[in-house]
Amino acid sequence: ADTTAGSSNQMLVRFPEPVTRTGRVSYRLTRGGERYALLFTNRADSTFADGAISKVNDAGGLWEILSMRVGLAKETGVPAEAYQTVTFDGQPTCTVQAGEGFFCTDPVTLHAAPGDYLVYEVTVHGSVFPCHEQMILNVYSGEKEPLALDKRIPVPVMIGCDRPARTKVGFLGDSITQGIGTPYESYAHWVAKAAEALPDDVSVWNLGIGFGRASDAATDGLWLARAKTCDIVTVCFGVNDILRGRTAEEVLRDLTTIVMALHEAGTRVLLLTIPPFDMEHDHQAHWYAANDAIRSGMVPADRILNVAPILGRSQPFSHRASFGGHPNVEGSLHLGHAAARYLNQMLSK
């Protein structure tokens, strides 16, 4: 992947009747490269909020990609300097089957430099399709021009680039990993800061999803399948699980399932403890119990990064967040640098 922006199908859009919508969003490219391809799926990766709208692995409906084009720009929110039509198996349109798994565009030659923006534009027709509602990029969409700020449009789950990479590092987690808490378009979230501190020949893929849960990743669907393609994966879950009623024992069981599935795929795991989120009462008790168990090695990860001293207050209030439950720019910088130190140590072995 060649962007640190969060990438996922966070939820499904449901219109009462089929609509034709055009959407546009710009992604800042991390390393740059020559040839790009965009990866998609037609299923929800995780449960959105309480699950009333869509749940993990829910299937999107039948919809069509009527047109797609990409181009490069030097800043976000502006048109590309030139656009190229994106094709699927040589065709400018694509019919997406209900619940379809992975499907990918044909390669496009762009000659991108680090820091360039890939401008993605698509027109689709359908009534039930995925989107990324909490993306911290400005997404414009609508049924006619001018487009408005509206995220109800399918977006890629990966901006793929054929630039050679020594190691592929994935970041699997919830909204904290996705980057919520930092300003829109800032690329100041902790994954972006970690990526900046990794060698140039390391590729980074942000698999964080708002509302993401360990219990959802543990279903071993398309979300975890993407993480399995990486050489090293950081795993950071637990906040949403506990807030939605999961016990410490259940969270530990789900984390163990995730780690073991990644190990079976040949992926090494850096496991983060559950970040501080100002929990109270039973939630607080489960937070402490789960983190004590993670630190003691009950989840068989390759390395453990204790997040509480980085983002939390001094004991006995380490469950309280010093930089906001969703870390702000300062907190993200601290966590990103700490994660990069651990990852660089893993890369050297």
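The values are calculated or read from the model by the stated rules, or taken from the named source; none is laboratory data. Just so it is clear, the model here is predicted, and its values are computed rather than measured. No Cβ is skipped: glycine too gets one built from the backbone with ideal geometry, and neighbour counts run over all protein chains shown. Surface areas here come from the heavy atoms of the whole protein model, side chains and all, with no ligands, DNA or RNA. Shrake-Rupley method; radii C 1.70, N 1.55, O 1.52, S 1.80 Å.
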Residue list for region 41-67, filter: in contact with an Asp or Glu (Cβ under 7 Å, 6 or more places away or on another chain) and not in a loop (DSSP other than H, G, I, E, B): Arg43
In contact (Cβ under 8 Å) with a residue 24 or more places away in the chain and exposed (fewer than 15 other Cβ atoms within 10 Å of the Cβ): which single residue out of Thr93, Thr85, Thr47, Thr76 fits that description? Thr93
Scan region 295-317 and tell me whether some residue there is crowded, with 18+ Cβ neighbours inside 10 Å and of a type in the set (S, T, N, Q). no
Closer than 23 Å to Val169 by Cα and assigned to a strand (DSSP E or B), is that true of Trp205? yes
Filter region 122-180 down to residues that are small (Gly, Ala, Ser) and closer than 22 Å to Cys104 by Cα, then give me how many there are. 6
Among (1) touching a residue at least 40 places away in the same chain (Cβ under 8 Å); (2) surrounded by fewer than 22 Cβ atoms within 10 Å (Cβ to Cβ) - the single one Val235 does not satisfy: (2)
Looking at region 246-301, which of the residues that are assigned to a helix (DSSP H, G or I) and touching a Lys or Arg at 6+ places or on another chain (Cβ under 8 Å) is nearest to Pro327 (Cα to Cα)? His286
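In region 26-40, which residue that is in a strand (DSSP E or B) and more than 20 Å from Phe102 (Cβ to Cβ) is farthest from the chain's Cα centre (by Cα)?
Top of the filtered list is Glu34.
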Output yes when any residue across region 9-25 is in a strand (DSSP E or B), hydroxyl-bearing (Ser, Thr, Tyr), at pLDDT 95 or above and touching a strand residue (DSSP E or B) at 6+ places or on another chain (Cβ under 8 Å), and no when none is. yes
Please verify whether Glu145 is closer than 30 Å to Pro275 by Cβ, of a type outside the set (A, V, I, L, M), open to solvent by 30 Å² or more (accessible area, probe 1.4 Å) and not in a strand (DSSP E or B), treating the condition exactly as stated. no
